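Visitor: Have a look at this one.
The values are calculated or read from the model by the stated rules, or taken from the named source; none is laboratory data. What you see is a predicted model; the values in this text were computed from it and never measured. Ideal geometry is used to build each Cβ from the backbone, glycine not excepted, and the neighbour counts take in all protein chains shown.
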Amino acid sequence: MEILGYLGAIIVGLTLGLFGAGGSILTVPVLYYLFHIEAELSTSYSLFIVGFTALIGAIPNVRRKTISYKTAIIFSIPSLIAVYLTRTFLLKAIPDNLFQIGNLAVTKDIGLLLFFAVIMIVASISMLRQRKIADPVYDEKLNFNYPMIITEGLVIGTLTGLVGAGGGFLIIPALVVFAKLPMRMAIGTSLLIIAIKSMVGFAGDIQTGQNIDWVFMLTFTALTVAGILFGSWLSKFVKGNKLKGAFGLFVLLMGIFIIIEELFLEM
């Protein structure tokens, strides 16, 4: 199972490199089901893995000048606040036993996984729809819709804090719609936003004393970095949108599997 897990790490990076989003949604299922790491700790590892990998993925976009730094700052501020508060306070406040349904005791781990599965289903729908998003005309003097940006940042930051996913599947459409960024620039900017807020969320975990296996986490991260570098290179020859439909369907099936596994097969 560990071999499959490390292969999954490469796939996470590969999909991030190809699509700029979506790959991180696989990190927690890989850690939980293939490495048998408890759900909350998996989300903690995921924050570091996704954040560091996204940072490496953003570097080529710096050279290509496909990052809007002004947009990244404006989107990041509310998201940073939300993800830090979620990891430091909200996640710790969730009780270990949430509620009972018949013979099924819904624990904190199960609750996080079910919530994560719902996010996966939303992500899959978003990825399927993104294929149809047309590039807007980019205007550097755009007047940002600050109320919508703040709301989006708070929502994405809270989701990232709870499930450990980067949220690129939500960030990219927001950048296209609210900031009028071309898709290629939205992908580069999204990677920078994901890197910043994920690492801030992980810092919150370190502050609260989360038990981290650094050797394992850095090994996993190295493989995702190798995957994102290969994915970025491959994106020059393969149109990510042509593959996004198949990947979106895979994420949808994974979300459904988690719900069935946790609610029915565990009974």
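Visitor: Which one of these is modelled with pLDDT under 85, over 12 Å from the mean Cα position of the chain (by Cα) and of a type in the set (Phe, Trp, Tyr): 202, 178?
Guide: 178
Visitor: If a residue has to be in a helix (DSSP H, G or I) and hydrophobic (A, V, I, L, M, F, W, C) to count, how many in segment 97-122 make the cut?
Guide: 12
Visitor: Another question, if that's okay. If residue 67 satisfies every condition in (1) assigned to a helix (DSSP H, G or I); (2) within 17 Å of residue 195 (Cβ to Cβ) but one, which is the exception?
Guide: (1)
Visitor: Looking only at residues that are over 14 Å from residue 162 (Cα atoms) and of a type outside the set (Ser, Thr, Tyr) in segment 74-94, which one is surrounded by the fewest Cβ atoms within 10 Å (Cβ to Cβ)?
Guide: 77
Visitor: The conditions are (1) over 10 Å from residue 154 (Cα atoms); (2) part of a helix (DSSP H, G or I); (3) among the β-branched types (Val, Ile, Thr), and residue 81 fails exactly one of them. Which is it?
Guide: (1)
Visitor: Which count do you get for residues in segment 156-191 that are farther than 28 Å from residue 88 by Cα and outside any helix (DSSP H, G or I)?
Guide: 4
Visitor: Also, I was wondering about something else. The conditions are (1) buried (at least 23 other Cβ atoms within 10 Å of the Cβ); (2) farther than 24 Å from residue 204 by Cβ; (3) hydroxyl-bearing (Ser, Thr, Tyr), and residue 27 fails exactly one of them. Which is it?
Guide: Residue 27 satisfies every listed condition except (2).
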